[in-house]
Amino acid sequence: MFVTSLISVIMLAVAPLASQNMIIVESDYCVGTGLATCDSWGIYPSFARLLEGLLGSIAIFTIFLIFAGLRRDSGVYSEPLSLVGLAIIHRKTPLSFQAISHSQTRLEEDEIRIPTQGYTFLMIAEGEVASTTQDSAFLSVVAVYYQTDADTGFNRFMNSQGFGVRFFMTALGTGTNLLWSRIDNDFRKMDPYHQLLRGNAKPQNLILAPVHMSPYSALIPSIGRKHYLVSWISFCSILSEFLPITLANIPYSNTEMRLVLLTCFYLAMAILSLMIIGVMLLLLRSRHGVKSLPKKPCTIAARLEYLDPTGEVDDSNLLRSLDGLASLEREERDAGIISRGKLYSMGIGEDGKLRIDEDERIVGKWREENCDGEDV
């Protein structure tokens, strides 16, 4: 985890630094041109050495991860990326959450619950609003710079061709990509539970579907499952990877072809527009049920509490139906579950607890007012 995080941090710094390596300088060495001065390419040696060091570090860390991965074994017999995969592991080796809750006083439970309940969802909403504001601001800046030639401080800075112009625009593109990646990652993790709260969910679309770790792997499968908003957000996340390149080529340069400028300008405008549309769709989408869940289902412990709220694996129809499936290959296991023809929901069970189970075990939908009386 540390090495992969370090690689990610280094990669964030590489793009802005790379945009500042090459510069254009005036030189009086113009033999045979008849000109007193002429433009020539220059390079910042210190930035070039720093960039070499960062790229070399990425290469070394990547090789280390490749060899470390060859010898690494997860030790689990079922992939825990889908709800069924996690449920099979829990079915074979049950974890008791009752002992944890019984060992705490009511005051200790409240101290743990109050800071966490709804906090992360609030951060997601704030992140979406911040992304809309940021994307709209970038879109306005790019449009104003392209359409006007007023003698303002901003235009003089953008036209200066000096140090910091491309670094500034590339850093803005990298920051936008980072913010969008966070929104995309959170949305991909939470969307299955939004669908389960609606009820009547087919297993192949939700409980058998893995949580994809990247937008590249999520794009096509999400379309196949008719999760079009997930695929749209993933598509925008992929497009945001190109923002550092397109934004870096928008500032004026007397060596840049007009075709390159126009291409980067219109690409940046299109990408930012698609991102704004995506965020607006997220803000308009009703997520009250997901927002009011007692715990955000982004950890293994939280997911298991919804799969097995009583701590008794035989109390859940879903868990009981997984008997004998642990030794099967994933395709065979999934086919067996689909052949049962069951639909699944997340709601209030017969025992009054919030759970993920087969539809017949769910007697009521989860509402925001339930969060006061429900103790998951």
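The values are calculated or read from the model by the stated rules, or taken from the named source; none is laboratory data. Note that the structure is predicted; figures quoted are calculated from it, not measured. With ideal geometry, Cβ positions are generated from the backbone for all residues, glycine too; neighbour counts draw on all protein chains shown.
Of the candidates 24, 10, 89, the single residue that is part of a helix (DSSP H, G or I), modelled with pLDDT under 80 and β-branched (Val, Ile, Thr) is 89.
Would you say residue 339 is modelled with pLDDT under 85 and assigned by TED's automatic domain parsing to the domain that holds residue 209? Explain how you work it out, then say what you get.
Numbers: modelled with pLDDT under 85: no; assigned by TED's automatic domain parsing to the domain that holds residue 209: yes.
Answer is no for this residue.
Per the conditions (1) loosely packed, with under 11 Cβ neighbours inside 10 Å; (2) at negative phi; (3) modelled with pLDDT under 70, the sole criterion not satisfied by residue 70 is (3).
Could you check the range 211-323 for helices (runs of 4 or more DSSP H) lying wholly inside it with 3 or more residues that are modelled with pLDDT of 80 or more and touching a Leu at 6+ places or on another chain (Cβ under 6 Å)?
228-240, 258-284
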